[in-house]
Amino acid sequence: MKITLDHNCIIHLGNVTDIGKAVQRIVGSVGNECFVVNIGASEMRAKGVRPDKYEKFEELLGKAGLSHLPRLNPMMIFDVTFWDRCVWADDSTVKFAADIEDVLFGESEKIDIASVGLGSPEGGKWLNRLCDVHGMWCHIQSGNDVFLTTDGNFSKETKLPRLLALGARRICHPKEL
C-alpha cells in the first residue's frame with residue numbers, strides 16, 4: 001500500500017507521541033511504501049526549516065526515523081517550498097490545487113499573507129493551509145492509496161467525499177490503519 005504522510009504525522013514521530021508510535025508501526029510494516037512531502041509546516045519553521053535550509057528538514061526527518069523514505073515534490077511556492085525540491089506549475093496543476101483548497105478551506109476566512117507576514121500567527125496558519133493543500137495535491141498526483149493524517153479537517157463529512165471525488169482514494173488517521 002502506498003501511503004502519503006502529512007506533516008502532522010512527521011511532527012508526531014519527532015515528538016514521540018502515541019500517534020507517532022502508530023505512524024512508526026505503519027512506516028515499518030513490510031506491505032507499506034510510505035512517502036514524505038517536501039514541504040515544511042509552521043511548527044517545522046520553529047526548528048529552522050526554511051526554503052533555503054533543506055538540510056534542516058532532512059535533519060528533522062532523520063530524528064523522526066524517516067530519512068530513508070521517498071519524497072514527493074510539491075509545486076513551487078516562493079518563500080515556502082524548498083527551492084530544488086519542487087516542481088513547476090502550469091494552469092492545470094494550479095487549478096487542481098485551487099480545487100483542493102476550495103474543498104479544505106473554501107468556507108474559511110482568507111488570509112492575506114502580504115498583510116500579516118509569514119512570521120505572524122496568521123502567517124503560520126496560512127503556511128499550514130498550504131501544507132495541507134500541497135500534501136493532498138502530491139498524494140493525488142502520485143496516485144498513492146492512503147493519505148495519513150491526524151488533521152480532522154480532511155475527514156469532515158462535508159469534505160471527505162469531495163476529496164475522494166478529486167482522487168484522494170482513502171484518508172485516515174494513523175490509529176485507523
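Values quoted throughout were computed directly from the atomic coordinates according to the rules given, and no laboratory measurement underlies them. In this text, all values refer to a predicted model and were calculated from it rather than measured experimentally. Every residue, glycine as well, gets a Cβ built from its backbone with ideal geometry; the counts of neighbours run over all protein chains shown.
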| note | Per GNM of the chain with C-alpha springs under 10 angstrom, the most fluctuating residue out of 165, 114, 98 is 114
| note | 1/(1 + (r/R0)^6) with r = Cβ-Cβ of residue 94 and residue 155, R0 = 25 Å, i.e. FRET efficiency to nearest 0.05, evaluates to 0.45
| note | For percent of Cα pairs over 23 Å apart, with candidates (i) 53; (ii) 36; (iii) 71, the value calculated from the shown model is option (ii)
| task | Enumerate by residue number the GluC sites (Glu not before Pro) in segment 103-177 meeting two conditions: DSSP loop (anything except H, G, I, E, B), and at most 12 other Cβ atoms within 10 Å of the site's Cβ. | result | 107, 109, 157
| Between residue 30 and residue 172, what is the spin-label point distance in nm, taking each point 7 Å from the Cα along the Cα→C-beta axis? | 2.0 nm
| query | Can you give the relative contact order of segment 6-97 as a percent, counting alpha carbon pairs under 8 Å and 6+ residues apart? | reply | 27 percent
| note | Magnitude of the Cβ-charge dipole (Lys and Arg +1, Asp and Glu -1) of segment 2-176 about the Cα centre, nearest 20 debye, reported as 500 debye
| query | If we count other beta carbons within 10 Å of each Cβ, what is the order of 12, 139, 68, fewest first? | reply | 68, 12, 139
